[in-house]
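The values are calculated or read from the model by the stated rules, or taken from the named source; none is laboratory data. This one's a predicted model, so the numbers in the text were calculated from it and none came from an experiment. No Cβ is skipped: glycine too gets one built from the backbone with ideal geometry, and neighbour counts run over all protein chains shown.
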Amino acid sequence: MREFSTSVTPAEFRRLEEFLNALRTQCEVHLNPCSEYNASEFESEFRSKLLTHHCFMGSPLFQESFDTAFIAACEHSGHTVEKAPEGRRFWDVAVDGRKISLKSSKAKNLKENRLHISKLTEAAWIQDCRTASKRRKATFDLFGQYCAEVDAIIQLRYFQTSAMYELVEIPVALFKQVFDVGLSSFQADGP
């Protein structure tokens, strides 16, 4: 039986036991050796935030909690972190000067070999553009602004069937391919 240096009630003792057991949950971890976020300090801090969240909330970690966990892990592992000003468009946090957009997904149809990023393409303005050329111009304008403002998207994905998290970094430079898309791809899907 564990002992604590301060007196605790039986209920507090049970919560502390649950918490310590949660933090000691065995996890299989695979780190990308090329990632800026592969330090053991980052992994340990991020994992402890995930496990703590599961312990007390009983549900997967998502957006606001993910943002907090990511920022804490970055700070703990020695990165310089600056939160985006309130209401800032496109990015959420700057890590060592790189502007990052943080996303999370627990969609039931997640695929391990496919990423889905809907942020820029599920906007009402698309419906307002009645011609392919207007849709193309508006898309190019939006993606141009986004690529000029953001360096990467970091997405936390939760696979429900395997209870597995995946943290993925997507360089925004990949989005520049949209500028090679022909006009015919901007035709309306429906009326």
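Some points to look at:
- Positions within region 26-45 being surrounded by 10 or more Cβ atoms within 10 Å (Cβ to Cβ), among the charged types (D, E, K, R) and closer than 23 Å to Ala163 by Cβ, in sequence order: Glu43, Glu45
Every residue, every condition in (1) surrounded by fewer than 13 Cβ atoms within 10 Å (Cβ to Cβ); (2) within 26 Å of Phe175 (Cβ to Cβ); (3) among the hydrophobic types (A, V, I, L, M, F, W, C), yes or no:
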{"site": "Ser48", "(1), (2), (3)": "no, no, no"}
{"site": "Phe56", "(1), (2), (3)": "yes, no, yes"}
{"site": "Phe66", "(1), (2), (3)": "no, yes, yes"}
{"site": "Phe70", "(1), (2), (3)": "no, yes, yes"}
{"site": "Cys74", "(1), (2), (3)": "no, yes, yes"}
{"site": "Gly78", "(1), (2), (3)": "yes, no, no"}
{"site": "Gly87", "(1), (2), (3)": "yes, yes, no"}
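- Only residues that are over 18 Å from Cys147 (Cβ atoms) and in contact with a strand residue (DSSP E or B) (Cβ under 6 Å, 6 or more places away or on another chain) were counted across region 96-118, and they come to 4.
- Residues located in region 35-60, provided they are in a loop (DSSP other than H, G, I, E, B), more than 17 Å from Ile153 (Cβ to Cβ) and of a type outside the set (S, T, N, Q): Ala39, Gly58, Pro60
- For region 124-160, the candidate set comprises residues that are part of a loop (DSSP other than H, G, I, E, B) and modelled with pLDDT under 85; within that set, the residue that is surrounded by the fewest Cβ atoms within 10 Å (Cβ to Cβ) is Arg130.
- On the stretch given as region 32-71, residues that are of a type in the set (Gly, Ala, Ser) and farther than 18 Å from Leu102 by Cα total 6.
- Restricting region 95-115 to residues that are surrounded by 12 or more Cβ atoms within 10 Å (Cβ to Cβ) and at pLDDT below 80 leaves a set whose member that is farthest from the chain's Cα centre (by Cα) is Ala107.
- With respect to (1) within 18 Å of the chain's Cα centre (by Cα); (2) over 26 Å from Glu149 (Cβ atoms); (3) surrounded by 12 or more Cβ atoms within 10 Å (Cβ to Cβ), the lone exception for Trp91 is condition (2).
- Complete set of residues in region 3-39 that are in contact (Cβ under 8 Å) with a residue 12 or more places away in the chain and either within 17 Å of His79 (Cα to Cα) or small (Gly, Ala, Ser) (or both): Ala22, Ser35, Glu36, Tyr37, Ala39
- Among the residues of region 68-117, those that are in a loop (DSSP other than H, G, I, E, B) and within 26 Å of Glu41 (Cα to Cα) comprise Ser77, Gly78, His79, Thr80, Ala84, Trp91, Asp92, Asp96, Gly97, Lys106, Glu112.
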